Every structure is written in structure tokens, then in C-alpha cells.
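Read-outs throughout are calculated quantities, based only on the coordinates presented, and are distinct from any laboratory measurement. Keep in mind it's a predicted model, so treat the numbers as computed, not measured. Positions of Cβ are backbone-derived with ideal geometry, glycine not excepted, and every protein chain shown enters the neighbour counts.
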């Protein structure tokens with residue numbers, strides 16, 4: 001009996017040490033679903049021996065909510081859009097990065113090192129960057145759209161067959177650009193004008209859609225949608241009649257970035273993960289599979305030219321991209337924006 | 001001896017209710033009196049602004065709209081559920097259980113997946129539209145999806161089993177004696193139904209209706225998927241405050257108001273059932 005008890009105690013103790021040891025080597029990554037090639041984590045573990053677990057979030061706001069509620073505990077690397085990376089930094093929830101642990105930053109375009117939201121990449125590393133524009137069925141729209149107004153005040157052909165992005169920052173982008181305002185405006189009157197316009201537009205929409213708009217284009221349910229360039233590509237891949245264009249009023253420059261949480265207990269492993277992503281062949285593989293531009297010159301230079309032809313957004317140069325205003329954290333104006341977007345989406 | 005023993009028996013239930021229902025509701029209520037922080041946290045500054053904002057015409061409109069949709073769902077659930085429940089209750093006993101299991105069968109798969117299935121059925125190129133188009137009934141696809149119609153269809157589909165179960169338990173309690181007596185006294189089938197069966201099953205109707213109403217008004221998946229995110233119901237509004245706008249205090253205010261409404265309805269329903277029960281006993 002005594003012996004049995006002892007054996008059980010040893011077994012329990014061993015089990016504890018075993019979990020402790022593996023926990024030490026395990027990082028938790030939160031990313032949008034399907035925003036990384038599925039094999040990436042397995043390959044990373046195979047090479048580095050570091051266990052990596054993926055947790056998914058549907059929106060920036062969702063992961064912000066989780067991280068601000070828990071102080072970031074339980075997460076090591078977060079994939080968020082740059083305004084949210086900025087907010088995490090201001091809240092003290094993002095760790096300062098040690099560039100000596102991320103030597104592959106040498107592969108980046110010089111422009112990518114000096115992004116307005118984080119010059120010198122002190123707390124965030126861009127994962128992908130791009131534009132927001134008009135994605136449409138060139139075979140069915142009649143005249144091809146060139147302006148945000150083609151979406152905001154649709155003609156009879158496309159009326160009721162348009163979608164807009166539901167995430168609040170991008171929901172506002174078309175209206176602000178068409179009115180000639182900054183996409184980061186904190187001014188109440190400008191936000192109010194954009195709101196009025198968007199409430200009118202809402203009556204002509206098929207739906208707000210962040211995730212399946214390209215399949216609505218493929219099925220013909222939608223003819224013209226507001227889209228992030230890479231997501232339009234998923235439509236183009238299925239139907240070459242789908243095209244992407246940047247509206248003449250411009251686009252935002254968005255950057256999705258990786259942030260290491262300040263609460264992470266495995267910062268070295270987290271930075272090793274970022275460094276792994278930045279390898280030319282890994283980051284290129286991201287571009288080839290997710291069809292977003294990546295800020296990694298070494299990766300982009302190796303892309304198949306046929307891919308650039310099929311997906312023209314991939315050919316936009318960093319210099320062209322940086323002409324657009326980057327989406328920034330709104331700070332105090334966020335309250336006004338949140339309330340405004342609630343008012344738009346709630347107007348029945 | 002007796003009171004302490006009663007307390008002992010009640011204890012676990014009361015502790016459960018206190019920890020998991022009363023305390024959270026109290027927390028939600030209190031949270032409604034604070035301000036939203038710049039980054040979505042909570043600023044512990046006292047304010048009644050959230051409650052004032054909740055009665056703003058915009059939000060009051062969402063409330064009324066949600067109530068209207070939920071009420072429509074109740075009416076259709078009742079119209080579909082009553083005959084079904086009546087039919088099941090009048091079957092021989094051995095057949096009732098398999099039929100009830102069939103009613104519950106949809107719960108074997110996830111609500112989200114079942115809601116997605118309606119998108120496949122209702123969209124412009126979906127099964128219903130293509131079938132109608134192939135039969136030459138319609139030239140242009142019908143707008144079946146991303147509107148109120150789709151939301152009501154989704155809600156009725158999802159919650160009709162609750163209605164059927166509530167009605168079944170009420171109808172199956174009726175013996176054949178009253179019907180026979182009514183017929184013997186010369187009433188036809190319709191009159192018997194309207195004067196005997198319907199009044200006696202009112203508690204079941206009330207229970208089923210409150211279930212469907214309460215589940216519908218707080219639902220956010222169906223308006224999001226079948227309404228195309230364009231139609232905001234109370235559930236979506238609360239969801240958005242917590243997960244999109246990150247305005248927890250305002251979300252808490254709305255959630256508290258919804259809980260208060262549900263409690264009111266459930267209490268009214270309980271009082272009603274109690275009264276109806278009392279009347280029946282008095283008559284007997």
C-alpha cells in the first residue's frame with residue numbers, strides 16, 4: 001500500500017515536471033483564421049523544437065478585448081492591424097523588441113522599417129501590408145468602378161449587390177476618402193458627415209461582410225464590394241472576371257503586424273517565431289498562399305512573375321503604397337468613432 | 001431542527017443561483033454606471049449617461065424592432081407548433097416518444113451550422129431560387145436572404161421545438177373526458193377546441209411563447225448571418241458593444257435592461273400559469 005502511494009506520488013510529480021517543461025517551450029499565437037499557411041506552425045516546431053499553439057480571433061477588436069481583459073496573459077504573439085498594435089503599445093501591453101533576436105529584419109524593405117505607427121519597429125513587426133479598394137465582377141457591372149462613390153451611391157445595375165467591410169475602421173474609409181477627409185480624422189463634424197453618407201449607403205447594401213464577400217462575388221450575389229486587396233485575390237483565383245482597383249480618391253495603407261505581449265513568459269521563443277516568419281522562403285510562402293503583399297524584399301523578389309500578373313496588387317511597390325495615409329490609432333477619438341459606427345450599423 | 005435542515009437542502013441551489021446568476025447580474029448592473037475607457041477598458045467614474053443613452057430613439061428603435069421580430073417569430077412558431085404538438089399528444093403513447101425525439105433531432109447539430117444551411121437554401125443562386133427558376137415560376141431570383149423574412153425564418157426554425165415541447169406538455173395533460181362531455185352537449189369540433197382545449201392549454205401557449213420570445217430577442221447569430229449584418233437586433237447591439245465597440249459599460253447597461261425584461265416576462269408567465277392552475281382547481 002505504502003509503496004503504491006509512493007509510486008503514485010512519483011507519477012504525479014513526474015507529470016507535473018513534464019507539463020512544466022513542455023509549457024516552457026510553448027508559445028500561444030493569436031491570429032485571424034487562415035491568415036497563416038496551415039503547415040507553418042508545424043514546420044516551425046519541427047525546426048526549433050518550440051511548441052506553438054494557434055488561437056484565432058475574428059476581429060482586431062475581439063483580440064483587443066481579450067488582451068485588455070487579461071493583461072495579455074496566455075498569449076505570446078498577437079497578429080493585429082497596426083492601429084491596434086499602437087494601442088497595445090500605449091497600454092503597455094506590447095513588449096519592446098530586441099532586434100538582435102530578429103536578425104531576419106535585414107530582409108525588409110527600408111520603407112517597412114520606418115512606418116509612421118512605429119518608426120524603427122520598436123514594438124511591432126509588419127507581417128503584411130496593402131490597400132483597400134474596389135473588388136468587382138468586370139463581366140457584370142457595366143461601367144467599371146473607379147471611385148468610392150460608385151460603391152457609396154451605386155447605380156441601378158449594382159444597387160443591392162454591393163457589400164462593405166463591417167470592421168469599424170474600414171467601414172468608415174470609403175466615406176471619409178470620398179469626402180476628402182483624413183481616414184484618421186478626430187473631427188466631429190467630419191465624422192458626422194461620413195455617418196450621414198454611410199447611413200444612406202446602408203440602404204443600398206446587400207450586406208456588411210468582412211469574410212465572405214469574395215465568395216458572394218463568385219456566386220454573383222454581389223457585383224461590387226469594398227475589399228482588402230488580398231481577399232479580392234481569393235475571388236480572382238476562382239473567377240478571372242473579378243478585378244481589383246484602387247479608387248481614384250485613394251486607399252488607406254494598412255499594415256498587419258506581429259506584437260509580442262509584455263506579459264509573455266517566453267519572449268525569446270516569441271521573437272524566434274517572428275524571426276522564422278521573416279525568412280525569405282517562409283514569408284514568400286505567406287505571400288503566395290495568402291496573396292497579400294509582405295514587407296519583406298527578399299521574399300517578394302523571389303515571387304513568380306506570373307503571380308504578380310494574375311494578382312496586380314502584389315506588384316504595388318512600397319513607394320506607391322506609402323503614398324497613402326496609414327491607418328493610425330485614434331486615441332481619444334475612438335469613443336466618437338465607436339459610437340458613430342454603432343449608430344450606422346444600428347440604423348434600420 | 002427543521003429550518004436548519006431546510007437551509008441545508010436549499011443551500012447548494014441557493015449558492016449556485018447566487019454565485020452564477022444574482023452576482024453576475026448585480027455586476028452587470030453596477031458596470032452600467034461607469035464610463036468607457038479610451039482603449040475599451042472601464043473608467044471607474046460614476047455616470048448615468050449609459051442609461052440615458054439606452055433610451056435614445058436610435059436604441060429604443062432597435063428595442064422595438066427586436067420585439068417586433070421576436071413577436072413575429074412567436075406567432076409563426078405557435079401556428080406551426082400548435083398543430084404539431086396537438087397531433088403528437090393525440091397519438092398512442094408508444095408513438096409519442098419517437099415523434100418527440102424527431103422534434104428534438106435538429107439539436108443534434110450545431111445552431112450555427114443549421115443557420116448557415118439556410119444561407120445555402122435562401123441565397124439568390126440557392127436551392128429555392130434555382131428550383132423556382134427552373135420550373136419557370138420566377139424570372140428574377142426572389143430576395144429571400146439578408147432581410148427580415150430570413151431572420152424570422154431562421155428564428156422560427158431554430159425555436160419551434162421549444163414551442164412544441166411546451167405545448168405538448170400542456171395538451172397531453174388534457175384527458176378525453178372534457179372533449180366527450182363537450183360533444184355530448186352538442187358542441188362541434190371547432191367550438192370544443194375554442195371553448196375547451198384552447199383555454200385549458202393557455203399556460204402551455206404562454207410558456208412556449210415566452211421561451212421563443214426571450215430566445216429570439218437576445219439572438220445575435222441569426223440577424224448577423226441571415227440578416228447580412230445590416231439588421232441590428234438587441235443581441236447584436238450588446239454583442240457589438242462588448243466585442244466591436246469595446247464599450248463594456250454601455251453593453252452592460254443594455255444587457256441589464258434585456259435581463260430585466262426577460263425576468264419580467266417570465267414572472268408574468270409564472271403568475272399567469274399559477275392563476276390558470278388555481279382556476280382549474282377551483283373549478284374541479
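Some points to look at:
- Selection of the stretch B:202-232 for residues being more than 15 Å from residue B:77 (Cα to Cα) and without any contact (Cβ under 8 Å) to a residue 60 or more places away in the chain yields B:218, B:220, B:224, B:229.
- In the stretch A:202-220, residue farthest from the other protein chains (Cβ to nearest Cβ) [restricted to those that are buried (at least 22 other Cβ atoms within 10 Å of the Cβ) and more than 19 Å from residue A:60 (Cβ to Cβ)]: A:214
Here is a yes/no grid of residues against (1) crowded, with 23+ Cβ neighbours inside 10 Å; (2) assigned to a loop (DSSP other than H, G, I, E, B):
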| residue | (1), (2) |
| --- | --- |
| A:100 | no, no |
| A:106 | no, no |
| A:112 | no, no |
| A:118 | no, yes |
| A:123 | no, yes |
| A:134 | yes, no |
| A:140 | no, yes |
| A:154 | no, yes |
| A:163 | yes, no |
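- Residue match in the stretch B:55-75 (condition: over 20 Å from residue B:148 (Cα atoms), in contact (Cβ under 8 Å) with a residue 40 or more places away in the chain and surrounded by 14 or more Cβ atoms within 10 Å (Cβ to Cβ)): no
- Highlighted here are the helices (runs of 4 or more DSSP H) found entirely within the stretch B:1-77 that include at least 2 residues which are within 26 Å of residue B:222 (Cα to Cα) and within 14 Å of chain A (Cβ to nearest Cβ): B:49-54.
- Conditions (1) over 26 Å from residue B:213 (Cβ atoms); (2) within 14 Å of another protein chain (Cβ to nearest Cβ); (3) surrounded by 13 or more Cβ atoms within 10 Å (Cβ to Cβ); number of the one not met by residue B:120: (3)
- Of all residues in the stretch A:64-83, those satisfying the criterion of being buried (at least 19 other Cβ atoms within 10 Å of the Cβ), over 12 Å from the mean Cα position of the chain (by Cα) and in a helix (DSSP H, G or I) are A:64, A:65, A:67, A:68.
The rows are residues; the columns are (1) within 14 Å of another protein chain (Cβ to nearest Cβ); (2) buried (at least 18 other Cβ atoms within 10 Å of the Cβ); (3) closer than 29 Å to residue B:92 by Cα.
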position: B:170; (1), (2), (3): no, yes, yes
position: B:184; (1), (2), (3): no, no, yes
position: B:191; (1), (2), (3): no, no, yes
position: B:200; (1), (2), (3): no, no, yes
position: B:227; (1), (2), (3): yes, yes, no
position: B:254; (1), (2), (3): yes, yes, no
